[in-house]
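Engineer: Pasting a structure below so you can have a look.
The values are calculated or read from the model by the stated rules, or taken from the named source; none is laboratory data. In this text the structure is predicted, and so the values were computed from the model without any measurement. So basically every Cβ, Gly included, is an ideal-geometry build from the backbone, and we count neighbours across all protein chains shown. For accessibility, only protein heavy atoms count, side chains too; no ligands or nucleic acids. Shrake-Rupley method; radii C 1.70, N 1.55, O 1.52, S 1.80 Å.
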Amino acid sequence: MSLRGRLTIETLPETQRSLGAAEAGGQIDMAAVEALDTAGAWALLQAQKRAEATGHALEIVNLSESHRHLLETVAAAMPEPERRRRTIPGRPDDGLANLGQEVAQGLRGSLTSVGFFGEVVAHLGALVLHPTRLKLTPLVHHMQEAGWNAVPIVSLMGFLIGIVLAFQGSTQLKPFGAEVYVVDLVAISILRELGILLTAIIVAGRSASAFTAAIGSMKMREEIDAMRVLGLDPIDRLVLPRLIALVLLLPALGFIASLAGLLGGGLMAWIDLGITPGMFRTQLLANTDVTHAIIGLVKAPFFAVIIAVIGCHQGMQVSGNAESLGSHTSRSVVQAIFLVIVVDAFFSIFFAVWGL
Amino acid sequence: MPKEVLIEVRGLKNQFGPNVIHEDLDLDIHRGEVLGIVGGSGTGKSVLLRSIVGLQAPRAGSVKVFGTDVRTASKAEMAKVENRWGVMFQDGALFSSLTVRENVEAPMRERTGLDPETRAALADLKIAMVGLPPKARSLYPSELSGGMRKRAGLARALALDPDIVFLDEPTAGLDPIGASEFDALIRNLQTSLGLTVFLVTHDLDTLHATCDRIAVLAERKVLVTGTIRELMEVDHPWVREYFHGPRAHAALLAAEG
């Protein structure tokens, strides 16, 4: 048989079809072939192999010099076929093994988290002994990034939550003629729980992810290793400024969010129930104890530690590729939010048992 | 016989802020040659490469590849051009979430309608041609050494059997043995596949071992082109320094055995 035209990667399917008939052996005349590339050469050699496998000889004749050269190069590089066995993770029959692996991995992960937390605490202790080791510029930078720049979104969120609570509360309390208790409802829920909890969730989304991405990309470009060999401690330089900035500013952010919440609640109460700002203030001062606000703010530094430690730890765990940066960033946000809520639940029980 | 011009750059101007990189830059690349681009740091070798492959929009001038102006071409015209070139970036620029085989398959998956088995077989062929061992096929880029990453990058650039390959510093960061192996590989692939090679390099040994013609970038344009022998005669301070420095002599001695 004779081939003509272009034997290239674009025409590969046609070439393979016409070569199908050549398995019985014989000659392939290449005189009329205009172009040959590695894909075409591969198809020719495959056909030759198949013919040999059935005990026939397939000869390729009338090659031009350059085509012969190409064919030889490809023949020298022909990969031996290997049967690939694909292992698909999550296949139903190894579900038990997967479960075991995941549990072991989870346990190992939480163990390293605890280890990292311990390391951070040790560095914090050393910092208390040598306060001059703290670098002020990065601290102020992170206070601006994670704190000051979050003020608009946090206050808007607080304001809207106040509106929602006041509105929902008023529709529920109206039938009982207890509209005025909307003030207590809004004030206690925002000061004690929602203001600080939702602020922590927003900051976890904003800053935990930013910490992971920043530290993770430094890890990927070996900057962390460079710091280590230069004698700069990555925990001192990268983790502590972020941690201290958040611990200082999360309470402030929570306070701002709570104020905005009271403002939103007061506004809604005024519009919907006709409770004037004056009445709101009197009711607030008379019925809502300041302990509610303190209980709310006490939790803030704990949430800040959770967010900063998880964000930085996930960043430190990033390895070589871009995908790992992405998965660690999302894991850091999910873990930070989850742990904030778990710790908040423990605080609720704790304060309830103490009768506060 | 006039040689067929594959890439024609005319009056190219590139500028970043007040910093003019290229001005009135002209360059021709002929079919089947290995053209080396040399120049001091910051003379815009990589910027020139990026301008030709359309990653960098120049301020002025025209870049024609296979007669298609890459600045004004429609998407369909561009796709045709992109099928015929392959680019190897400095550190390979492999997709880090794909294995080496999947990296080499990626251009085929995108641009041809081949069935998966053929695709994998062709990818394996390309991987073998650039001299990677079979076990490298299923490794991820982060598991490869620098030299292997470069080879894998070359395999991906060759995936569609392009007419032109652009190589950005292919031997930078390789040990001398690896670098001369890579030079031989480029030369060998060039002759057997009939490739045209656009090679940005700092490596004098690579210039001696692979290039048919060399273009020197200086003073914001292509100062001069020619063979190494011709360039050694050029009377320009930078060119003389470059081709007559101690390293150049060592490379020349090595090349002449």
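Engineer: Probe radius 1.4 Å, ligands and nucleic acids ignored: give me the carbon and sulfur share of the accessible area of chain A as a rounded percent.
Structural biologist: 65
Engineer: I've got another one for you. Ordering B:TYR140, A:TYR181 from largest to smallest accessible area (1.4 angstrom probe), what's the sequence?
Structural biologist: Result of the area sort, largest leading: A:TYR181, B:TYR140.
Engineer: Within the accessible area of chain B, what % is carbon and sulfur when the probe is 1.4 Å and the other protein chains stay in place?
Structural biologist: That share works out to 51 percent.
Engineer: Within the range A:329-347, list the residues whose amide N lies under 14 Å from a label point set 7 Å along Cα→Cβ of A:VAL103.
Structural biologist: No residues fall inside that zone.
Engineer: Okay, next question. Counting only C-alpha contacts under 8 Å and six or more residues apart, can you give the relative contact order of the range A:252-356 as a whole percent?
Structural biologist: This gives 21 percent for the range A:252-356.
Engineer: Right, another one. How much accessible area is lost when chains B and A come together, counting both sides, with a 1.4 Å probe, in Å² rounded to the nearest 100?
Structural biologist: Buried area (both sides, nearest 100 Å²): 1900 Å².
Engineer: Where the centre of each part is set by its Cα atoms, how far does the range B:5-82 sit from the range A:337-356, in angstrom?
Structural biologist: 64
Engineer: Next question, about the same structure. So if we plug the beta-carbon distance of A:GLU223 and A:ARG6 into 1/(1 + (r/R0)^6) with R0 = 56 Å, what FRET efficiency do we get, rounded to 0.05?
Structural biologist: 0.65
Engineer: Turning to a different aspect of this structure: Rounded, prolate or oblate: which one fits the protein assembly as shown, using the alpha carbon gyration tensor with axes a ≥ b ≥ c (rounded when a/c is under 1.5, else prolate when a/b beats b/c, else oblate)?
Structural biologist: prolate
Engineer: Find how many whole Å separate the alpha carbon centroid of the range B:194-235 from the alpha carbon centroid of the range B:96-128.
Structural biologist: 33
Engineer: Here is the link list: B:LYS64/B:LYS221; B:LYS64/B:LYS126; B:LYS45/B:LYS150; B:LYS45/B:LYS221. Which ones come out longer than 22 Å on Cα distance?
Structural biologist: The pairs that break the limit, which is 22 Å between Cα atoms, are B:LYS64/B:LYS126.
Engineer: Span-like helices, chain A: DSSP H, alpha-carbon axial extent 27 Å or more, mean Kyte-Doolittle -1.0 or greater, which ones?
Structural biologist: Within chain A the helices that satisfy the rule are A:95-129, A:151-173, A:240-273, A:290-317, A:322-353.
Engineer: In degrees from 0 to 90, rounded to the nearest 10, what is the angle of the helix B:176-193 Cα long axis to the longest principal axis of chain B?
Structural biologist: Value to nearest ten degrees: 80.
Engineer: Could you order B:LYS13, B:LYS75, A:LYS49 by accessible surface area, starting with the largest, using a probe radius of 1.4 Å?
Structural biologist: Ranked from most to least accessible, the order is B:LYS75, A:LYS49, B:LYS13.
Engineer: Related question: With r as the distance between the Cβ atoms of A:ILE349 and A:TRP148 and R0 = 51 Å, compute the FRET efficiency 1/(1 + (r/R0)^6) and round to 0.05.
Structural biologist: 0.90
Engineer: Also, I was wondering about something else. Enumerate the whole-percent occupancy of each 20 Å bin, from 0 to the last occupied one, for all C-alpha pair distances of chain A.
Structural biologist: All Cα pairs, binned at 20 Å, distribute as 22, 31, 22, 17, 8, 0 percent.
Engineer: So, one more: What relative contact order, as a whole-number percentage, does chain B give when Cα pairs under 8 Å and 6 or more residues apart are counted?
Structural biologist: 24
Engineer: Given contacts defined as C-alpha pairs under 8 Å and at least six residues apart, what's the relative contact order of the range B:133-257, whole-number percent?
Structural biologist: It comes to 18 percent, rounded to a whole number.
Engineer: Which value, in Å² rounded to 10, gives the accessible area of A:ASP184 with a 1.4 Å probe and all protein chains present?
Structural biologist: 20
Engineer: So how do A:LYS174, B:LYS126 rank on accessible area, 1.4 Å probe, biggest first, that is with the largest at the start?
Structural biologist: A:LYS174, B:LYS126
Engineer: Another question about this same structure. Please list the non-local residues whose amide H lies under 5 Å from the amide H of B:ILE214, H modeled 1.01 Å from N, same-chain partners needing a gap of 5 or more.
Structural biologist: Amide H neighbours of B:ILE214, under 5 Å, 5+ apart: B:GLY36, B:GLY226, B:THR227.
Engineer: Once you order the gyration tensor axes a ≥ b ≥ c over the Cα atoms, which shape class does the range B:69-119 get: rounded for a/c under 1.5, otherwise prolate or oblate by comparing a/b with b/c?
Structural biologist: oblate
Engineer: Once all Cα-Cα distances of the range A:2-77 are split into 5 Å bins that start at 0, what whole-number percent is in each one?
Structural biologist: Whole-percent P(r) values from 0 Å outward: 3, 18, 30, 29, 17, 3, 0.
Engineer: What is the distance, in nm, between label points placed 7 Å from the Cα along the Cα-to-Cβ direction at B:ARG31 and at A:ARG281?
Structural biologist: Going from the B:ARG31 label point to the A:ARG281 one covers 8.9 nm.
Engineer: Here's a follow-up. What accessible area, in Å² to the nearest ten, does a 1.4 Å probe give for B:VAL224?
Structural biologist: 30
Engineer: Helix-only mean residue ellipticity at 222 nm, the protein assembly as shown, DSSP H runs n ≥ 4 weighted -39,500 (n - 2.57), per residue, nearest 500. What is it?
Structural biologist: Helices in the protein assembly as shown give a 222 nm mean residue ellipticity of -18500 deg cm²/dmol.
Engineer: Quick one: accessible surface of B:GLU23, probe radius 1.4 Å, all protein chains present, in square angstrom to the nearest 10.
Structural biologist: Counting only protein heavy atoms, the figure is 80 Å².
Engineer: Further question: Hey, with R₀ at 30 Å, roughly what FRET efficiency would A:VAL61 and B:ILE177 work out to, going by the Cβ-Cβ distance, to 0.05?
Structural biologist: Efficiency for this residue pair is about 0.15.
Engineer: Quick check: the angle from helix B:246-256's long axis to the longest principal axis of chain B, C-alpha only, nearest 10 degrees?
Structural biologist: Here the helix axis deviates by roughly 60 degrees.
Engineer: Continuing with the same structure: Let a ≥ b ≥ c be the square roots of the eigenvalues of the Cα gyration tensor of chain B; is it rounded (a/c under 1.5), or, if not, prolate (a/b larger than b/c) or oblate?
Structural biologist: oblate
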